[in-house]
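Inspection log for the structure reproduced underneath, given as structure tokens.
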Amino acid sequence: MIAVIAWNTFREAVRDRILFNLVFFALLMISAAVLVGQISIGIEHLIIVNLGLTAISLFGVAMAVILGVALIYKEIERRTLYTLLSKPVRRWQFIAGKYCGLCLTLTVNTLFMTAGLILALFYVDQGLRPSDLQVLVGVFFILLQLFLLTGIALLFSCFATPAVATLGTLGLYMVGVFSEDIRTFGEISKDPMMQRLTSGLYYLLPNFGAFNVISAVAHEHPIPGALIAGNITYVVLYVAIALIASAAIFSNRDLK
Amino acid sequence: MAVILAEALTKDYLAGFWRQTPRRSLDSLNLEVQENEVFGFLGPNGAGKTTTLKLLMNLIFPTSGKATILGHPVSDTRMHREIGFLPEQPYFYDYLTAGEMLDYYARMFGYREDRAARVTRFLERVGLGESRDMQLRKFSKGMLQRFGLAQAIIHDPRVVFLDEPTSGLDPIGRREVRDLILELKKEGRTVFFSTHILPDAETLCDRVSVLAHGKLQGVGSVRDLFQSHVQGVEIVFEGGESPGFHRMQVGVNEVYDAFERLRKAGARIVSCSEVRPTLEEYFMKLVSKEGQS
Amino acid sequence: MKPHNLLAAVAIPLLFCGVVVISHATESTVASLQPGADVLNLSSPRMIKAMSFGYDSLMADIYWTRVVQYYGDKRHAQGQGIHGASEHFPLLMPLLDITTSLDPHLLVAYKVGAIFLAEPAPRGAERPDLAVKLLRQAIGNNPDDWRLWNDLGMVYYEDLRDYKAASDAYVQGSKNPKADDWMKVMAAKIAQDGQSTEISRFLWNEVYNSSKDENIRRNALEHLKQLEQRPARR
């Protein structure tokens, strides 16, 4: 049942023109990276990887937020749920299916953008280097980040309007990107209460900063396998939290 | 066994911004619907008909009371294999075609090899065979209503719930829906439909109930409520004391005396028919009684 | 309680525990992959000003926070005995340059920045010349603040031992009608006596009493304690 809903969510999302526009702009940005690289002698590869992965990340975040915040809200407002939930579909299956469908959409779009980046590297280096495999690791980390962000957007979508959900999701994303800095701030302050608070926030809020390996990938530093495994586990656990909470909220909700 | 059973089903909504006070939308509804019945659920706008249907479909949750369908609590999603639902003014995904959307619903019931054929059959049954590849956002209101019927019955449910199925349809569309409901009854299914179009209910229903201001005002078979109550006899005649056609209403026991008077006056009897109360009169009586109380 | 609510109530706290464990396990690996603390990707004040879309003041505050964090991180690393921690704060001046370019009236950045720059290692960058440069910028942008001349005079007096320049700074400061009278006195005393414990004690007391900033007061207190231990000399 989850697969049925997921596939339909993917099919519907793919027909939404905004996705094409975002992918197009990301590819444009990657092309621009090739031009910028040509005027930065000696570090073309670095620039392309940096700019390319940043473009994939930024546009991926935009897609995840735009699609995610309206995912459930739209179905409630437009009452498309009436015919769906009168079928033998449990509410938690609906949530899981919607989440998987959106993740599939993001994965396909990210793969398109990655193909553009690989092409750009191929063009600049007149071939691919073994170290270019690292780029795929960087993309994988971006995808993990997007899966986590989608879970959060979906959670907000279960109880908030798209505007509020967007603010909440982006707010958590920004805090998550700087969570390490927040904890360091607490350590410097030497106030035990502040230290506990910032430490608590570091661990409880989604730590998006831990997925940012763009710089390491650009400088061709290897990414430890332990980190890959750790981040996958982190995303699985955190997404499980978001989906269980979403299912609980949605299951308790009277539909208008 | 009652196919649909509601026991003291009540729903309160919280209204207001700062101090939320409960507003009762449905008050202790007790209802039983038997197998193979066509049951009409009548009421003016705002009576609580859609609330009742949403409670039965588990789209909203009761404040108190309970309901079962086919012996299962309404919260049991597995029972949804046996029921179909057409909401009022149904919405579907804009960018999918009729074929794709119906296929999506059919997948939810686990149909595999025969799914495509089933989708085609049901689209044709509701008169949408030619529109299979048209996106739903291009459908007219009537077409959407017919598509809604198709998705409600694609899995051959035992019980079908219809919320205002003929609303917004032209006379041809209404006739088609009425014919479909009669077909479903012939197939042995139970149909529960809400409407405020009384002639449809009078024609189709075995039993009706009237809901007003959240409370059940009356339930009974159409035959028992008024079809067996003859109020009088209406005689249409021509001529007599003045030229032209005239009508008069007399008591059942006064018919022959009336015929004799007319014969003596030289009038010609055109027709003679029983006068029975209409569903509309019954409905208005109940609704206005609740309004007064 | 409904089953899904019970599941959420039990599962979510357990999953969060898992999240905390995994975070803890990976944080050192994550830290090792981050760009080094001495990398400043954008170092042009003009570019940053352009990118702040008019929110210069806010950006200045954010950069000031970065200055404090940078200084704190370095001192923290020194305290932990981490390799490379004994370097002399190479990014301090660029960060201060950006901060004060974004907000030329952010006095705390000049005053505390000058302290961080002038202090001998390991407490500071040991660059009193850069501290002088920063304070002269401050004076140029805030001509009405006579206390900046005091700050400048302190750097010349304590760190550069250039008593003529220190005396000149106090003379310039005393010309401001709002300046306290002791500025003139200090100018004369320094010109006459040069280095003196009495003068140092007075100046640091003045710094301690006149500032509300914790960093400045702490620094002044440190210097006063050192003076207590020093035998009095002219």
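The values are calculated or read from the model by the stated rules, or taken from the named source; none is laboratory data. The shown structure was predicted, so the numbers you read here are calculated from the model rather than taken from an experiment. As a convention, Cβ positions derive from the backbone with ideal geometry for all residues, glycine included, and neighbour counts pool all protein chains shown.
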If B:T21 satisfies every condition in (1) surrounded by 15 or more Cβ atoms within 10 Å (Cβ to Cβ); (2) more than 16 Å from B:L211 (Cβ to Cβ); (3) of a type in the set (S, T, N, Q) but one, which is the exception?
(1)
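From the list C:A166, C:A125, C:A179, exactly one residue is free of Cβ contacts under 8 Å to residues at least 60 places away in the same chain, part of a loop (DSSP other than H, G, I, E, B) and over 17 Å from C:I216 (Cβ atoms). Which is it?
Details: C:A166 fails: part of a loop (DSSP other than H, G, I, E, B); C:A125 fails: over 17 Å from C:I216 (Cβ atoms).
After ruling out the rest, the residue left standing is C:A179.
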Mind checking which residues of region B:84-102 are in contact with a Ser or Thr (Cβ under 7 Å, 6 or more places away or on another chain) and not small (G, A, S)?
B:F85, B:P87, B:E88, B:P90, B:Y91, B:F92, B:Y93
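Conditions tested, residue by residue: (1) exposed (fewer than 15 other Cβ atoms within 10 Å of the Cβ); (2) assigned to a helix (DSSP H, G or I); (3) modelled with pLDDT under 80; (4) not assigned by TED's automatic domain parsing to the domain that holds C:D73.
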residue	(1), (2), (3), (4)
C:L6	yes, yes, no, yes
C:A9	yes, yes, no, yes
C:I12	no, yes, no, yes
C:L15	no, yes, no, yes
C:V19	no, yes, no, yes
C:I22	no, yes, no, yes
C:T26	no, yes, no, yes
C:M47	yes, yes, yes, no
Do we have B:S140 as surrounded by fewer than 17 Cβ atoms within 10 Å (Cβ to Cβ), away from chain A (no Cβ under 13 Å) and on the phi < 0 side of the Ramachandran plot here?
yes
Looking at (1) closer than 17 Å to A:Y82 by Cα; (2) touching a residue at least 12 places away in the same chain (Cβ under 8 Å), which one does B:R78 not meet, given that it meets all the others?
(2)
May I ask you to verify whether B:F259 is modelled with pLDDT under 85, assigned to a helix (DSSP H, G or I) and surrounded by 14 or more Cβ atoms within 10 Å (Cβ to Cβ)?
no
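Kindly indicate the residue of region B:262-291 that is assigned to a helix (DSSP H, G or I), over 28 Å from the mean Cα position of the chain (by Cα) and of a type outside the set (A, V, I, L, M, F, W, C) and also nearest to B:D200 (Cα to Cα) among those meeting that condition. Explain how you work it out, then say what you get.
If we filter region B:262-291 for residues that are assigned to a helix (DSSP H, G or I), which is where we start, we get B:262-265, B:279-291.
Those left that are additionally over 28 Å from the mean Cα position of the chain (by Cα): B:262-265.
Within this subset, residues satisfying the condition of being of a type outside the set (A, V, I, L, M, F, W, C) are B:263-264.
Working: B:R263: 39, B:K264: 42 Å.
Out of the qualifying residues, it is B:R263.
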Can you find, within region B:221-256, the residue that is farthest from the chain's Cα centre (by Cα) among those that are at pLDDT below 85 and in a strand (DSSP E or B)?
B:G232
Which residue is modelled with the highest pLDDT, if the candidates are limited to region A:67-92 and must be in contact with a Pro (Cβ under 7 Å, 6 or more places away or on another chain) and of a type in the set (F, W, Y)?
A:Y82
Any chance region B:37-56 includes a residue that's crowded, with 20+ Cβ neighbours inside 10 Å, in contact with a helix residue (DSSP H, G or I) (Cβ under 6 Å, 6 or more places away or on another chain) and at the interface with chain A (Cβ under 10 Å from one of its Cβ atoms)?
no
Check on C:A109, outside any loop (DSSP other than H, G, I, E, B), closer than 16 Å to C:N215 by Cβ and at pLDDT below 90
yes
Just to be sure I understand, how many residues within region A:208-230 are within 7 Å of another protein chain (Cβ to nearest Cβ) and either outside any loop (DSSP other than H, G, I, E, B) or under 24 Å from A:R90 (Cβ atoms) (or both)?
6
Whichever residue in region A:144-178 is of a type in the set (V, I, T) and free of Cβ contacts under 8 Å to residues at least 60 places away in the same chain and, among such residues, is surrounded by the fewest Cβ atoms within 10 Å (Cβ to Cβ)
A:V164
Quick one: is A:V137 in contact with a helix residue (DSSP H, G or I) (Cβ under 7 Å, 6 or more places away or on another chain), β-branched (V, I, T), more than 24 Å from C:H76 (Cβ to Cβ) and surrounded by fewer than 19 Cβ atoms within 10 Å (Cβ to Cβ)?
yes
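Can you tell me how many residues in region A:236-248 are farther than 14 Å from A:A153 by Cα and β-branched (V, I, T)?
First, pick out the residues of region A:236-248 that are farther than 14 Å from A:A153 by Cα: A:236-237, A:248.
From what is left, the residues that are β-branched (V, I, T) are A:236.
Count: 1.
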Tell me the residue from B:D156, B:D133 that is under 27 Å from B:T51 (Cα atoms) and assigned to a loop (DSSP other than H, G, I, E, B), please.
B:D156
How do the pairs read when you match residues in region B:177-188 that are in contact (Cβ under 8 Å) with a residue 40 or more places away in the chain with residues anywhere that are among the basic types (K, R) and part of a loop (DSSP other than H, G, I, E, B), using Cβ under 9 Å and keeping only pairs 6 or more apart or on different chains?
B:G188/B:R158
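Is it the case, given these coordinates, that A:G101 is more than 25 Å from B:L86 (Cα to Cα), within 14 Å of chain B (Cβ to nearest Cβ), assigned to a helix (DSSP H, G or I) and in contact (Cβ under 8 Å) with a residue 24 or more places away in the chain? Steps first, answer last, please.
Numbers: more than 25 Å from B:L86 (Cα to Cα): yes; within 14 Å of chain B (Cβ to nearest Cβ): yes; assigned to a helix (DSSP H, G or I): yes; in contact (Cβ under 8 Å) with a residue 24 or more places away in the chain: yes.
Yes: the conditions hold for A:G101.
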If only one of B:L169, B:L182 is among the hydrophobic types (A, V, I, L, M, F, W, C) and part of a loop (DSSP other than H, G, I, E, B), which one is it?
B:L169
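Could you list, in sequence order, all residues of region A:231-256 that are outside any helix (DSSP H, G or I) and facing chain C (nearest Cβ under 10 Å)?
Looking only at region A:231-256, we keep the residues that are outside any helix (DSSP H, G or I), and these are A:252-256.
If the condition is that a residue be outside any helix (DSSP H, G or I) and facing chain C (nearest Cβ under 10 Å), then A:N252 is the only one that fits.
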If the requirement is being under 28 Å from A:A160 (Cα atoms), within 13 Å of chain B (Cβ to nearest Cβ) and part of a loop (DSSP other than H, G, I, E, B), which of these qualifies: A:R79, A:R11?
A:R79
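Checking the conditions here, which among B:G148, B:G84, B:G110 is within 24 Å of A:R90 (Cα to Cα), among the small types (G, A, S) and in a helix (DSSP H, G or I)? Outline the logic, then answer.
Working: B:G84 fails: in a helix (DSSP H, G or I); B:G110 fails: in a helix (DSSP H, G or I).
Testing whether each residue is within 24 Å of A:R90 (Cα to Cα), among the small types (G, A, S) and in a helix (DSSP H, G or I) leaves just B:G148.
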Kindly indicate whether any position in region B:79-100 is more than 9 Å from every other protein chain (Cβ to nearest Cβ), over 17 Å from B:L5 (Cα atoms), in contact with a Lys or Arg (Cβ under 6 Å, 6 or more places away or on another chain) and surrounded by 17 or more Cβ atoms within 10 Å (Cβ to Cβ).
yes
